[in-house]
Every structure is written in structure tokens, then in C-alpha cells.
Amino acid sequence: MNLWSILLVAAPIVAAVVAFKRGAKLLGAVFAVVALLPLWALLSAVGLPLLMLAGIAAALVGWHRWTRSSSTVARWGARSRRKAGVASTLDIVRHAGSLTMRRRAGSVRPSLAGLGWRARLRLPVVEVAVRLCRTGLVWVWSSIEDVTLIFGGPRTGKSGWLAGQILDAPGAVLVASTRTDLHDLTAGRRAARGPVWVFNAVGLGHLGSTATFNPVDGCADPVTAAERATDMLTATTHAGGSGDREFWDAQGRRVLAALLHAAALGDRTMRDVLGWLADPATAGKDVTVLLRRSPEPAFELDLGQFLSTNDRTRSSITSTIMPTLGWLTSPAACAAAGLSDDPDRAGCPLDVAELLARNGTVYLVGGEEAQVAPLVAALTGHVARQARRIAATKPGGRLDPPMRLALDEAALICPVPLESWTADMGGRGVTICAAFQSRAQLLARYGTHDAATILNNAGAVMVFGGTRDRDDLQFWSTLTGDRDEPADTLDPTGRTTARTSRKTAVLSPAQIANLPAGRVLVIRRGIAPVVGRAQMLWQRPDIRWERFATDHLEWARRAERASAWWRALPARVAQCLGRRRPARVPVAALAAGPDTGRGDAPVVGRPRLVVVDTLAADDGESHGGADRGGVA
């Protein structure tokens, strides 16, 4: 083998590579075919082992060039230009499709880890994922361990979509809303899966509270008292205040935690806490005596500092705490907290362990006008933290089936610490679906930094139409990215003189603001933006069938009979073809002696079996067997 032989092989290969890079695909294919011709002679001359080493080296070089940064960025750019900046059907199927969600079923739900591939194909996707929207014939899903945020103005479809997620939840559900529509739409169907409780702190819709929650319960634990005080105070404060505001909030949390702890140790109520705040000088002695029972001396020191400070400082701390107790003036809120003297309005305390074990549903109904946000936030925090503690004792450290938090208008009545929950709850088996009116509302409640943290931790963001804030629209448009749009230059006669491309947003702010009813922009982790159609509760096939069966009872019965006939059709066809003919059943086997063969000398071999069958297949065989004596 000489230099000319090597050049004869290398030259067509180099020509093919150059042709492909310059876009001459047909010419490159011709050179590639020509390069294959001398390879057989080269294989005979060089030998297979050496050629395999050369092939491995070439593969490593190609893999390096394919995975380096410049090639990756170039492929991403070409893919974005080819797909107009949005996710293709293949992207959705690979990263957000039903098969992908089923494949990860064992990791998000430990009880499903042993399922085979056939069982996983039959597994309903809602058991392991949250349905986001539909684009074409493909559904877009998000894993149950990811956080889903929903943004949209009033009457844009947020509640209708959220109601569907409540029905799809495989485990327990906590629903927080300012209205009773979610309860009216989903309570009947959720009752078929588990018990349903109502915590109506504002008395909306004449729904009585069947579950109660006393904020003092559990505060004998110092950690619980601190968490409860934080939840209640956070619901009455807005982020973005001055440094003085943060100082007074911190002081208020310390004092309120001490008072809650003292009330729990002395078997007191929230009305006693309100009385202590209204007259701290008179109640100081009683609270100090109660706090001496505490295993944590810091609470007594905090209260002593509060009582011994000057009147102006004490008045500022009291003014900070008082809004968290404003719900005590509402009879409905007091009844929901178990403080009502009317036995007809008394409910049972909510047991989180029972809620999780029985896949129950609890509906929290509140409103900002009744100052019940601290009470609702405290209950939500209590349920979530108890669920997290229970999850720590489960296999894999997560709840199975997972619990779902459906927080409608979360910034108004349920401002829980989402900046920390969104980072931790997903891995504990708690799925969070929180709805807001706009990104501006999220910023007003949580502040710039915490709002950014919440958005970064979210696995999927759904944006409905109706937003009119310029900054919000520009923010969502920036997240969708850019795409190349053809731009032609025309002369005065209308003829094209030059053809170029220009950068433009995948979705402009105006397009996002004017999304049609039912359309939603989905910004999901791992894929480009998706514009699809969100499925409302009343658009679900089971809901439509239920309405049809109610309105057209006779047609529904006919459809059920036809469905039953269709399901039984394969069995009938198999029976007609003889596939279900019963086999003979041997009832006795008599061993005969070994076959002696010919002559008197015995032949060594297997003993013969004589099978007596008394179960004839039909009458003809029965008569024939009688004639033959029934011996085979």
C-alpha cells in the first residue's frame, strides 16, 4: 500500500465533507459513494484491526466536534430558525409527552417503580403528571414534582383549568379560593374518591365549615409556634417595604410566637392572645408564668423585652401584630377556628394524617375583605408542613400518591412562603399549582427577589390572555425568545430587489395580550414555548358524557348497550371460530405394565399409561365410548 492508495480513499471523503458543508447535498452523496469503492481494497491491504482503530479514532473526533460549544449553539440556532422559535411535535413528545411522563413514573412515585412497560403504557398519565394544554393532537404535560404557575386576568379561564387539575389529582387536595365555584364544580366528584371538608372563614355561599382549625393548636412546640406566627404575619404584610418595616415585622413575629406558645401551654384561645395584646401591662404576669413552663427560654426573654420597652416601641409592635387578629371580629371566621359557642356551627378539627391517608379534599374559602388571610395562610402552612413531615417517613421521602395544592388567587388569601416551598415541596410529593392575576401582583406580594425565585423554581408557567401591563407583557415576550423573519426589499414598482431576514420576538407583547379565549402560552422547562388550548372542566369527555346522559337518558342507555356489545364482540368471534371449545379432562390414569414386545422376554422401557376419560365431549362420542367399553 502506497501514498497514492491513501489519497485515492481520502480525496473523495474530503470532497464529500466539503460538498455537504457548502450545501451541495447531491454532489456530497456522489462523492461519498465514490469513497466507498476503494474501501474494500484498503480493508484487504491494511487489515480489519487497524481499520477498526482508525474508525474509532474518527468517531471520537466526530463526537468531539458534534458536542463542542460552537456546534451545539449552531444546531440550536438552526433548529430555532427551522421551527419558528416554538416547540415542535417531536420536542413535545420527547420532553413533555405522555410516554416521557410514564417512563419517569417510578422516580416520582415509588409505588410504581416495579411496573413493567405494558403496565406503564396502561397507566393514566394524570397519575404522574399535570395536564397543561393541547397543541394539535399532542398533549403537553408537566411532572407532578414540578411547580405550575398560572397567570391571567379575571374570567380568562384560570379557575376552569384549575378545576380539571383538582379532579385529576391522584391523592389528597387542598383548594384555596375566594369563591365557591371550585367547590361547586368539583366537590361531588371528589367525594367519590375520599372525604370532603370545607373551611369557610367568610361564610360565602351558605357553606358551613365542616373542618375547624385553631391557630393555637400545636403551638406548645416552639418550632410550630414560630412557623405559625410567620405564616400569619406574612399574610398581612407586603414586600418591598423600607428597612423599618422589616424591623417591625421581625419584632412582631417574635412577640406573636411567644404569645401563641403561652396560649398553647396554658390551654388558652386566640381571644386570650388578643386580650394580652390589648392590655400587655395587665396580662404580663400571666403570660410570664405560662412561659416558664416552656423548654425554650428565649420566648420568655422576648416577652420580657416587649413588656419592658417604652410605650412607643410597644405600640408599634402591637400595631404590627393586630391585623393578624382582625378575623376575630367575624363570626364565620371564629366558627371556622372552633371559637363559636353555637353547637350547630361547630366542626371537627382537620386531621392532616386522615386527609392524606383517605385521599380527601379540603376547600379553603376566604376573602381579603374579611381579614381572614392570616387564618387561611396559617391553615395552609399547617397542612403543607404536616404533609412534609409525614412524607419524611415514607419510602423515598415523598408522599405516594402525591398531595396537590390548588391555590387560586394565592396572593390575595393564601400568601404562603412560595419562595421556599417551590424549591422543596416537589421532592416531598406535594404538587403546587398557584394562580395569580398577573406578574405585577406576584411582585407586589413577594417582592422582586422572592418573585424571581418563585419563577425560577417553577417547572411550567401558563399565561392566559387579558394582561394589559406593559412590563409583564414585555417580560413574557422576552422569555419566548427570538426568531428569524423573512424581510424583502421592494422597489417602487413592487418588485423584490433584496431578500434578507430580521430578528423578531417569537410572540410580541400585543400577541400575548390578545390571546384568544381558551388559548394559553406555556413556558415549560426543557422545551421552546408552546401555544396551545387549555382544557376547561366542562370540556372534559367525562363531564360532557355526564351532561349528555342527563339530558338524553334513552340515547345514553343505547350507547351503553352498544359499548357493551362492542366489548363482548372479540369473545363472541373467538367462540364462533372454536377457540373456546372445552378440552377433555382426564379423570383417571392407570399404570399398565411395561410393554413385553414380541415373545415371552420382557422389554425394558417406559411403562404405558392407560387414560380413562368419562367426560365425553358430545353425545356422539359418548355413544361411541359406550360401544368401545370406555377404554382407550
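Just a few scattered comments:
- Candidate set: segment 460-488, residues that are closer than 24 Å to Gln535 by Cα and small (Gly, Ala, Ser); chosen: the one most open to solvent (accessible area, probe 1.4 Å): Gly466
- Against the numbered list (1) over 24 Å from Leu167 (Cα atoms); (2) of a type in the set (A, V, I, L, M); (3) open to solvent by 20 Å² or more (accessible area, probe 1.4 Å), Ala192 comes up short only at (1).
- Which listed residue, of Ala239, Ala250, Ala281, is within 15 Å of Ile317 (Cβ to Cβ), modelled with pLDDT under 85 and of a type in the set (Gly, Ala, Ser): Ala281
- Candidates Leu307, Leu260 - the one that is modelled with pLDDT under 90 and among the hydrophobic types (A, V, I, L, M, F, W, C): Leu307
- When segment 283-308 is limited to residues that are closer than 13 Å to Leu265 by Cα and among the polar types (S, T, N, Q), the one that is nearest to the chain's Cα centre (by Cα) turns out to be Ser294.
- For segment 203-211, the condition of being free of Cβ contacts under 8 Å to residues at least 40 places away in the same chain, open to solvent by 60 Å² or more (accessible area, probe 1.4 Å) and farther than 23 Å from Leu355 by Cα holds for at least one residue.
- Exactly one residue out of Val202, Val223 is assigned to a helix (DSSP H, G or I) and among the aliphatic types (A, V, I, L, M): that is Val223.
- Looking at Arg312, Arg268, just one residue is within 19 Å of His382 (Cβ to Cβ) and either open to solvent by 10 Å² or more (accessible area, probe 1.4 Å) or at pLDDT 90 or above (or both), and that residue is Arg268.
- Scan segment 374-396 for residues that are open to solvent by 10 Å² or more (accessible area, probe 1.4 Å), assigned to a helix (DSSP H, G or I) and in contact with a Pro (Cβ under 9 Å, 6 or more places away or on another chain) and the total you get is 3.
- Unmet criterion (only one of (1) under 30 Å from Val196 (Cβ atoms); (2) modelled with pLDDT of 85 or more) for Ile317: (1)
- Residues within segment 441-490 that are over 25 Å from His238 (Cα atoms) and in a helix (DSSP H, G or I), tallied: 4
- Yes/no for Ile413 being aliphatic (A, V, I, L, M) and open to solvent by 20 Å² or more (accessible area, probe 1.4 Å): no
- Close pairs from segment 221-235: first closer than 15 Å to Trp248 by Cα, partner open to solvent by 40 Å² or more (accessible area, probe 1.4 Å) and part of a helix (DSSP H, G or I), Cβ under 6 Å, at least 6 apart: Ala229/Arg253; Thr230/Arg253; Leu233/Arg253
- Yes/no for Arg495 being surrounded by 17 or more Cβ atoms within 10 Å (Cβ to Cβ), at pLDDT below 90, out of contact with any Gly (no Cβ under 6 Å at 6 or more places or on another chain) and farther than 24 Å from Ser88 by Cα: no
- Test result for Ala264, among the aliphatic types (A, V, I, L, M) and farther than 18 Å from Leu233 by Cα: yes
- Elements of type strands (runs of 3 or more DSSP E) contained in segment 501-596, each with 2 or more residues being under 39 Å from the mean Cα position of the chain (by Cα), at pLDDT 90 or above and within 30 Å of Val463 (Cβ to Cβ): 519-524, 530-533
- Complete set of residues in segment 124-161 that are part of a loop (DSSP other than H, G, I, E, B) and under 16 Å from the mean Cα position of the chain (by Cα): Pro124, Val128, Ile144, Glu145, Asp146
The values are calculated or read from the model by the stated rules, or taken from the named source; none is laboratory data. Just so we're clear, the structure is a prediction, and the values are computed from it rather than from any experiment. Ideal geometry is used to build each Cβ from the backbone, glycine not excepted, and the neighbour counts take in all protein chains shown. Just the protein is used for accessible areas: all its heavy atoms, side chains included, with ligands, DNA and RNA removed. Shrake-Rupley method; radii C 1.70, N 1.55, O 1.52, S 1.80 Å.
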